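The values are calculated or read from the model by the stated rules, or taken from the named source; none is laboratory data. Just so we're clear, the structure is a prediction, and the values are computed from it rather than from any experiment. Here the Cβ positions follow ideal geometry from the backbone for every residue, glycine too, while neighbour counts run over all protein chains shown.
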Amino acid sequence: MSEQPKRPAPGAEPAPPAPPAPERRATLVAAEHLAVGYSAAPVLQEVEFQLRAGERIGVLGPNGGGKTTLFRALLGELKPLAGELRVAVRAGTVPQTERSRLDFPVSALDVALMGAIAGRPWWQRPGRRERAAAHAALRRVGLDGLHDRSFGELSGGQRQRVLVARALVQDARVVLLDEPFTGLDNVSTARLEQLLDELAQEGRGVLIATHDVEQARAWDRVLCLNRRQIAFGPPAQTLSLEVLASTYGGSIVTLEERDGERLAILPPHHHHHDH
Ligand SMILES: Nc1ncnc2c1ncn2[C@@H]1O[C@H](COP(=O)(O)OP(=O)(O)OP(=O)(O)O)[C@@H](O)[C@H]1O
Ligand SMILES: [Mg+2]
């Protein structure tokens, strides 16, 4: 490689306003030899990856593989037991759904507003600015018309989009989504995928935990976890049968040939596929 600084040749056209090449974009998250756990014993080890601005990373792994644990570390809820985790910017999260949380009588707007009032003293009620920001975020995810609906009444896909709106109100540059597609139909899935693409195009970094390997192939990189990091890289190079077997252990049930490519078919998970 040349040591000389790259300078445009005389008469060369000015640099187009295209986004910088991936390797030039800001690193938003970096993990090095990271170990995380809930006691002295780590449940996830040897994690080593980077999330750059504009990138969607699929986080794959079996139940108990450590996906949610990694997200909790990224949010600062768990301190590294070993290694380093640098999160350069504010992170917002779309948590793994627990049905029990859906019974609270809060509206879609209330949930989006939580992004504005987090970090403020408890006695301060949200003001006009916060409400305007929450409405704008709901509009951004296509849901402003439903702002006064109760959160629990919304469809699964609508709830996920409200939670994305909450992250937008927080102005999260790193958006963490923990199995956001669970239980969604195809239309809602496509809509949420489109929204995540847009978040990345805006320069945010998006980490998505999913059980759908085929879905993750469309994203920029995959991070495979099974109590430790199995692999990290672009899906095409990373998702080999060996990596899938180490990631999912004995739970891969079928290997199928499609378009000359061998695909690993995973067993039905808790999103209840019918057979
Ligand atoms: N609060 C906790 N205290 C102790 N151990 C925990 C706690 N939460 C999770 N664990 C353990 O950490 C390990 C990783 O769990 P984690 O929830 O991160 O997996 P996951 O990949 O998110 O799984 P799933 O696909 O089921 O959501 C599991 O062995 C789990 O039992
Ligand atoms: Mg989880």
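Within 15 Å of ligand 1 (Cβ to nearest atom) and at pLDDT 95 or above: does that describe GLU32? So GLU32 fails the test. Within segment 178-195, being touching a Pro at 6+ places or on another chain (Cβ under 8 Å) and either more than 17 Å from VAL164 (Cα to Cα) or away from ligand 1 (no atom under 16 Å from the Cβ) (or both) holds for one residue alone: LEU192. The single condition from (1) within 18 Å of ARG139 (Cα to Cα); (2) of a type outside the set (A, V, I, L, M); (3) within 16 Å of ligand 2 (Cβ to nearest atom); (4) part of a loop (DSSP other than H, G, I, E, B) that ASP171 fails is (3).
Taking the condition more than 10 Å from ligand 1 (Cβ to nearest atom), more than 14 Å from GLN229 (Cα to Cα), β-branched (Val, Ile, Thr) and in contact (Cβ under 8 Å) with a residue 24 or more places away in the chain, does VAL47 pass?
Values: more than 10 Å from ligand 1 (Cβ to nearest atom): yes; more than 14 Å from GLN229 (Cα to Cα): no; β-branched (Val, Ile, Thr): yes; in contact (Cβ under 8 Å) with a residue 24 or more places away in the chain: yes.
So VAL47 fails the test.
Each row is one residue, and each column tells you yes or no for (1) among the small types (Gly, Ala, Ser); (2) assigned to a strand (DSSP E or B).
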| position | (1), (2) |
| --- | --- |
| GLY54 | yes, no |
| GLU84 | no, yes |
| GLN96 | no, no |
| ASP110 | no, no |
| MET114 | no, no |
| ARG139 | no, no |
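The residues of segment 163-177 that are more than 16 Å from ligand 1 (Cβ to nearest atom) and either within 10 Å of the chain's Cα centre (by Cα) or charged (D, E, K, R) (or both), listed by number, are ARG166, ASP171, ARG173, VAL174, VAL175.
I'm trying to understand the selection: among the residues of segment 176-189, which are surrounded by 12 or more Cβ atoms within 10 Å (Cβ to Cβ) and either basic (Lys, Arg) or assigned to a helix (DSSP H, G or I) (or both)? If the condition is that a residue be surrounded by 12 or more Cβ atoms within 10 Å (Cβ to Cβ) and either basic (Lys, Arg) or assigned to a helix (DSSP H, G or I) (or both), then SER188, THR189 are the ones that fit. Of all the listed residues (GLY58, GLY65), the sole one being at pLDDT 95 or above, in a strand (DSSP E or B) and surrounded by 18 or more Cβ atoms within 10 Å (Cβ to Cβ) is GLY58.
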